[in-house]
Amino acid sequence: MSLKKREHITTKGLDDYFLGIYNAFKFVRLFFREVFKPPFEFKEIIRQCYEIGYKSLPLITLTGFVTGIVFTKQSRPSLVEFGAASWLPGLIAIAVVRALAPLVTALISAGKIGSNIGAELGSMRVSEQIDAMEVSAINPFKFLVVTRVTATTLMIPVLMMYFAFVGLLGSFLNVNQNEHTSFIAFFQSAFSPISFLDVFTGLFKSIMYGFTIGMVGCYKGYNASRGTEGVGKAANMSVVISMFLIFIEEIVIVQISNWIRIA
Amino acid sequence: MEKLNKSDIIKEQVISIQGLYKSFGENSVLNGIDLTIHKGENVVILGRSGSGKSVLIKIIAGLLKPDKGIVNVLGMDIGSIDEKQLLKLRLKIGFSFQNSALYDSMSVRENLEFPLIRNSRHLTKKEIDHAVEEVLEDVHLHQTINQMPSELSGGQRKRIGIARTLILRPEIMLYDEPTAGLDPITCITINELINEVQERYHTSSIIITHDLTCAKATGDRVAMLLDGRFVAQGNFDEIFNTEEETVKQFYDYNFIN
Ligand SMILES: Nc1ncnc2c1ncn2[C@@H]1O[C@H](COP(=O)(O)OP(=O)(O)OP(=O)(O)O)[C@@H](O)[C@H]1O
Ligand SMILES: [Mg+2]
């Protein structure tokens, strides 16, 4: 391949890359433009919250519970070695509230909810249902995208809190079995090291993750390419990209909250 | 200068397209389309697969932007129209999609209610029910009202798709291959439906097809699209009595197979 041709291809790749970022940015901007504009689709938002929140409960319950138990079991030996088994509830609580609940909930949701949204909107795009809305003078962005992004932004924090609760419950069962700690004593020592900043950061992270998952899923689905393989690609890319963004957000937010903690 | 046809002066133009070009990247699809549709007229557009028929009517409905040329629909220029006007215009355009495009997650009733509720939020439940029943009656599918799209046959889906556009009382109907993939008997019922819609709702229609029976049954006028341009226009017999090789080819192919 001649040098000139190769150069042409690289710039084209770069062009596409920046064009993609620009389009994504426009998509997000359109969201903020439409979300506060009446009429509001309350009924559809509630339906989406149900779809996204309620239907994820079994999976979140399972992972939360298992995470709580396993993490407790794995941490015990090291603490016992230092004669600090009584710290177990506090340690678990810090781990769950600061890190595990927001992150694991987000990653699970990216896999389940993100791919779902990507596939659903992708197949609506490919089968021309989105065009059909447009020609009947319905704003498909408002009806499909705004409702879903609003629902994920609201529901991922709720799922995160539920995850934390179930995780601590699992941890309690294990601690209760081994150290015979009572329910009240467990939660008292679990919550004592948790600060307002921890709870606030956890919530803030979850809101960001929820927004990210909804936005990426909708963007990929809404702009799915023609043909059935476009649907699979949209679902797949939704998961990959939202997980990638979640990790970046995690790093940034943890860094900032640590600065605040020290200050 | 060409002499003006008398009927052109009398009849109102609802769609007029001049020098329309559209390409996707390197792939130029429409290369200078000229087309006029008069009020109350059914115009059939014939053309091979991939000749840009769907692209043409998507431009008319404002789903795709023209690259060059004038597309005037009901007195409004699609190329330079603003959002608000486009919404208004779309209420007057009914679009029957090639694959019906019914909303999979909604029942037939919800599919039909959806455009109505969203466009006139003041309607009472009774008025909505009435409108739904009326259009279902029009397409003779009253029994399917509570079914999901996945439970319908291809022909039923097409008709529900047509009903869904009729509920907004369009002035222009755009049918994208209304009979594709259907058996000959079902095709005839769809052809009849298209003609009934023309009579009852006084619509002007564009019917895209490569089914010559459908073209003959529904078209007041036929236009033949080839390589992004109209190569022949006229009534059905005029078109297929020409000596033009490409047109004849299409005709022969259709009846041999
Ligand atoms: N949104 C789009 N993006 C890129 N290319 C497109 C798009 N829509 C159509 N095309 C291209 O335009 C050409 C014409 O497509 P179109 O769907 O109009 O064909 P058609 O005449 O309707 O064919 P068929 O009878 O198979 O439906 C095709 O080559 C297609 O790949
Ligand atoms: Mg087509």
Hey, residue B:177 hits all of (1) surrounded by fewer than 23 Cβ atoms within 10 Å (Cβ to Cβ); (2) touching a strand residue (DSSP E or B) at 6+ places or on another chain (Cβ under 7 Å); (3) farther than 10 Å from residue B:96 by Cα but one; which does it fall short on?
(3)
Quick check: anything in segment B:42-54 touching a residue at least 12 places away in the same chain (Cβ under 8 Å), open to solvent by 10 Å² or more (accessible area, probe 1.4 Å), more than 10 Å from ligand 1 (Cβ to nearest atom) and within 14 Å of chain A (Cβ to nearest Cβ)?
no
Can you find a residue in segment B:37-47 that is within 14 Å of ligand 2 (Cβ to nearest atom) and of a type in the set (D, E, K, R)?
no
Suppose we keep only residues that are open to solvent by 10 Å² or more (accessible area, probe 1.4 Å) and touching a strand residue (DSSP E or B) at 6+ places or on another chain (Cβ under 7 Å) within segment B:187-212. Which one would you say is farthest from ligand 2 (Cβ to nearest atom)?
B:198
Meets criteria (crowded, with 17+ Cβ neighbours inside 10 Å, farther than 28 Å from residue B:209 by Cα and within 14 Å of chain A (Cβ to nearest Cβ)) for residue B:118
yes
Residue that is touching a residue at least 40 places away in the same chain (Cβ under 8 Å), aliphatic (A, V, I, L, M) and more than 14 Å from chain B (Cβ to nearest Cβ), where the choices are A:194, A:130:
A:194
Examine segment B:158-178 for a residue that is away from chain A (no Cβ under 14 Å), part of a helix (DSSP H, G or I) and either within 15 Å of the chain's Cα centre (by Cα) or more than 16 Å from ligand 1 (Cβ to nearest atom) (or both), and state whether such a residue exists.
yes
Starting from segment A:94-106, keep only residues that are farther than 18 Å from residue A:213 by Cβ and open to solvent by less than 40 Å² (accessible area, probe 1.4 Å), then list their pairs with residues that are assigned to a helix (DSSP H, G or I) and charged (D, E, K, R) whose Cβ atoms are within a distance under 9 Å, requiring at least 6 positions of separation or different chains.
A:97/A:198
Being surrounded by fewer than 18 Cβ atoms within 10 Å (Cβ to Cβ), of a type in the set (A, V, I, L, M) and out of contact with any Phe, Trp or Tyr (no Cβ under 7 Å at 6 or more places or on another chain) is true for just one of B:102, B:87, B:63. Which residue is that?
B:87
Among B:112, B:123, which is the only one that is more than 12 Å from every other protein chain (Cβ to nearest Cβ), farther than 17 Å from residue B:176 by Cβ and more than 16 Å from ligand 2 (Cβ to nearest atom)?
B:123
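The values are calculated or read from the model by the stated rules, or taken from the named source; none is laboratory data. In this text the structure is predicted, and so the values were computed from the model without any measurement. Quick reminder, even Gly has a Cβ in these numbers, built from the backbone with ideal geometry, and neighbours come from all protein chains shown. Note: areas computed on protein heavy atoms with side chains; ligands, DNA, RNA excluded. Shrake-Rupley method; radii C 1.70, N 1.55, O 1.52, S 1.80 Å.
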